[in-house]
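The values are calculated or read from the model by the stated rules, or taken from the named source; none is laboratory data. Remember, predicted model here, so these are calculated numbers, not experimental data. Glycine gets a Cβ as well: all are built from the backbone with ideal geometry, and neighbour counts include every protein chain shown.
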Amino acid sequence: MMRAASARTSTVLTAALLAVTLLLAGCASPAAYSEETAQDLQQRVLAVTDAAASADYAAAQVRIDELRVAANDALARGELSEERHAAIVSALDLVESDIDAALAAEAAAAEATRLAEEQRLAEEAAAAEAQRVAREAAAAEEAARLADEKAKEQEKDDGGDKPGKDAKNNND
């Protein structure tokens, strides 16, 4: 189930990043930004896409941050129009929220796995303790049975050595 969710999230991220790439490629007119700026931003989008496609969301987040800084720098240098910058940042925000959701899902799955392992270990410990208690009870029961047998045997042996009531009464 985790693989399916990860694959689904990766597909969504890849699609969103493809949209950013198309956004960058479709607006490579001289008024939007320079060829050099377009290539730089497209390479950064590709780095985000690669990280997201391999479900390395931490790396994808770092690459998004780098892409955002590059877009901000291009805007500040006048190499990117405000309209194009806003569209890129909006697309990055969407991808970033998908990555945040994927990271949260991974954390929840890891926590569920941890809790399941704790439960399994607790059940194993409880079963081992129950076996130990059962062995001790069986040993105690066997010891009581042997003690009872020994006491009965001792009574038997002692019964022949003691004078009976009649003998005691005769001495009076």
(request) Output yes when any residue across region 70-90 is within 30 Å of GLU35 (Cα to Cα), within 29 Å of the chain's Cα centre (by Cα) and among the hydrophobic types (A, V, I, L, M, F, W, C), and no when none is. (result) no
(request) Could you list, in sequence order, all residues of region 81-128 that are farther than 26 Å from SER54 by Cα, free of Cβ contacts under 8 Å to residues at least 24 places away in the same chain and of a type in the set (S, T, N, Q)? (result) GLN119
(request) Only one of these is modelled with pLDDT under 95, among the hydrophobic types (A, V, I, L, M, F, W, C) and part of a helix (DSSP H, G or I): ALA125, ALA116, ALA102. Name it. (result) ALA102
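Do you know which residues across region 41-52 are over 20 Å from ALA101 (Cβ atoms) and either in contact with a His (Cβ under 9 Å, 6 or more places away or on another chain) or crowded, with 19+ Cβ neighbours inside 10 Å (or both)?
LEU41, ARG44
Could you look through region 72-88, keep only residues that are under 20 Å from VAL62 (Cβ atoms) and either at pLDDT 90 or above or of a type in the set (Gly, Ala, Ser) (or both), and pick out the one that is surrounded by the most Cβ atoms within 10 Å (Cβ to Cβ)? So that I can check it myself, show each step before the final result.
Residues of region 72-88 that are under 20 Å from VAL62 (Cβ atoms), as a first pass: 72-74, 88.
Subsequent filtering for residues that are either at pLDDT 90 or above or of a type in the set (Gly, Ala, Ser) (or both) retains 72-74.
Numbers: ASN72: 14, ASP73: 13, ALA74: 22.
The extreme case among them is ALA74.
Provide a single number: the residues in region 67-99 that are out of contact with any helix residue (DSSP H, G or I) (no Cβ under 6 Å at 6 or more places or on another chain) and in a helix (DSSP H, G or I). Steps first, answer last, please.
First, the residues of region 67-99 that are out of contact with any helix residue (DSSP H, G or I) (no Cβ under 6 Å at 6 or more places or on another chain): 69, 72-73, 76-78, 81-84, 86, 89-90, 93, 97.
Imposing the further condition that a residue be in a helix (DSSP H, G or I) reduces the set to 69, 72-73, 76, 82-84, 86, 89-90, 93, 97.
Qualifying residue count for the region: 12.
Regarding ALA55, is this residue surrounded by 15 or more Cβ atoms within 10 Å (Cβ to Cβ), modelled with pLDDT of 85 or more, within 28 Å of the chain's Cα centre (by Cα) and within 22 Å of ALA104 (Cβ to Cβ)? Spell out how you get there, then give the answer.
Working: surrounded by 15 or more Cβ atoms within 10 Å (Cβ to Cβ): yes; modelled with pLDDT of 85 or more: no; within 28 Å of the chain's Cα centre (by Cα): yes; within 22 Å of ALA104 (Cβ to Cβ): yes.
The answer is no for ALA55.
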